[in-house]
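Here is the structure we will look at.
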Amino acid sequence: MKKTYKIDVDCANCANKMEVAAKGTAGVKDANVNFMTLKMKVEFEDGADVDAVMQEVLKNCKIVEDECEIFL
């Protein structure tokens with residue numbers, strides 16, 4: 001399953017950090033962050049609890065870029 005989320009991030013480098021953090025989260029098959037459109041596309045592993053995984057993605061992104069936001 002794939003979902004797209006609106007994000008708030010200040011720079012392209014920060015967006016890249018968010019993408020790396022999202023990809024490293026359990027339950028995420030792939031992730032792509034587009035700084036120009038302020039969107040994050042996430043592909044989830046089969047059977048993943050999407051809401052729980054996205055809470056972990058947000059937590060992991062806040063570790064690398066504390067001022068970022070993902071609108072769940």
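No lab work stands behind these numbers, since they all come straight from the coordinates. Not measured: the values here are computed from a predicted model. Virtual Cβ from ideal backbone geometry, glycine too; neighbours counted across all protein chains shown.
Kindly provide the set of residues from region 14-40 that are free of Cβ contacts under 8 Å to residues at least 12 places away in the same chain, of a type outside the set (Ser, Thr, Tyr) and over 18 Å from residue 1 (Cα atoms), ordered by number. Reasoning before the result, please.
Looking only at region 14-40, we keep the residues that are free of Cβ contacts under 8 Å to residues at least 12 places away in the same chain, and these are 23, 36-37.
Narrowing further to those that are of a type outside the set (Ser, Thr, Tyr): 23, 36.
Result: 36, single match.
Only one entry of 43, 56 meets the criterion of being touching a Gly at 6+ places or on another chain (Cβ under 9 Å) and either touching a residue at least 24 places away in the same chain (Cβ under 8 Å) or exposed (fewer than 14 other Cβ atoms within 10 Å of the Cβ) (or both), and that entry is 56.
Can you report the number of residues in region 41-72 which are outside any helix (DSSP H, G or I), among the β-branched types (Val, Ile, Thr) and more than 12 Å from residue 2 (Cα to Cα)?
If we filter region 41-72 for residues that are outside any helix (DSSP H, G or I), which is where we start, we get 41-49, 65-72.
After this cut, where a residue has to be among the β-branched types (Val, Ile, Thr) as well, the list is 42, 70.
Okay, now just the ones that are also more than 12 Å from residue 2 (Cα to Cα), so 70.
Result for region 41-72: 1.
Looking across region 32-61, the residues that are among the aliphatic types (A, V, I, L, M) and either in contact with a Ser or Thr (Cβ under 6 Å, 6 or more places away or on another chain) or more than 14 Å from residue 72 (Cβ to Cβ) (or both) come down to 33, 36, 38, 48, 57. Can residue 6 be described as in contact (Cβ under 8 Å) with a residue 60 or more places away in the chain, part of a strand (DSSP E or B), among the basic types (Lys, Arg) and touching a strand residue (DSSP E or B) at 6+ places or on another chain (Cβ under 7 Å)? When the stated conditions are applied, residue 6 passes them. Whether a residue is surrounded by fewer than 18 Cβ atoms within 10 Å (Cβ to Cβ), at negative phi and not in a loop (DSSP other than H, G, I, E, B) was assessed, and residue 13 passes this test.
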